[in-house]
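The values are calculated or read from the model by the stated rules, or taken from the named source; none is laboratory data. Remember, it's a predicted structure, so these values are computed and weren't measured experimentally. Note that we place each Cβ from the backbone using ideal geometry, even for glycine, and neighbour counts take in every protein chain shown. We work out accessible area using only protein heavy atoms, side chains counted, and drop any ligands, DNA or RNA first. Shrake-Rupley method; radii C 1.70, N 1.55, O 1.52, S 1.80 Å.
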Amino acid sequence: MDAVTAAVAAATVSSPAAASSSAADATTRQPTACIVIGMAGSGKTTLMQRLNADLHEAKTPYYLVNLDPAVLETPFGANIDVRDTVNYREVMKQYQLGPNGGILTALNFFATRFEQVLTLIEARRAEHAARVPCDPLRYVLLDTPGQIEIFTWSASGQIITESLASAMPTCVVYVVDTPRCQSAVTFMSNMLYACSILYKMKLPLVVVFNKTDVASSDMCMEWMQACTEWPALTSALALTLAPAPSPSLDPGANPKPQALAPT
């Protein structure tokens, strides 16, 4: 987790807001917002729990926000939770929506009040700065819905992202399911999706390879570092996309098709 926080710091230091805040007094410095995004099942909430545990152990001031209205339980105690504002199941029932439509509509309702979230974060930052001037609030971590499209390509996701970016240094943490990325096709799919998020949101982006206790990320890192040369990646893609052997053309190798009885 130290690598993740270091990468976040490196990603945000180049932004104008981060550069100006580094020169400002600690009592007025804004925290860095980290929007955790990833495919369903990539381990976003588990990563949030691990970041929560490590930051708490390091006594680093932080703030947690849950933006997933459909999650049953969170393994971390969110300071602000969308479920406290919008009842996901009631939204589904009242508007006769399916699961994804319910999540999207609940997030849309929450986005209309997101300025109140920024007000609460600012109040917490000012309170902590007054109490401990030498150690200001450092991070605001936001967990997003499991269905990545609901946040990435929706109006509510854009409102939340732009509101955060206008108020404080903000970066995107894109979580990758490392075991699934052992296939070059899945790896390229994730990298292309990460690029689309980078260019759409226009924010610093950190790629985090998760679940490395199950599968090593060495192959993925090799593909990323060799992308300027291409042979390693193209050969891996060629092996993955190699067509299956065609059935034998020998008439004796395959049984003749059975004629259907007329009806």
Check: Among the residues of segment 47-69, which ones are open to solvent by less than 70 Å² (accessible area, probe 1.4 Å), touching a residue at least 40 places away in the same chain (Cβ under 8 Å) and under 16 Å from the mean Cα position of the chain (by Cα)?
Finding: 47, 48, 51, 52, 64, 65, 66, 67, 68, 69
Next item on the list: For segment 158-204, enumerate the residues that are part of a helix (DSSP H, G or I) and among the β-branched types (Val, Ile, Thr).
Entry: 159, 160, 161, 185, 186, 197
Item checked: Residue list for segment 168-196, filter: under 30 Å from residue 30 (Cβ atoms) and in contact with a strand residue (DSSP E or B) (Cβ under 7 Å, 6 or more places away or on another chain) -> 168, 169, 170, 171, 172, 173, 174, 175, 176, 194
Note to self: I'd like the full set of residues that are surrounded by 14 or more Cβ atoms within 10 Å (Cβ to Cβ), farther than 20 Å from residue 164 by Cα and among the aromatic types (Phe, Trp, Tyr), limited to segment 79-130.
What the structure shows: 88
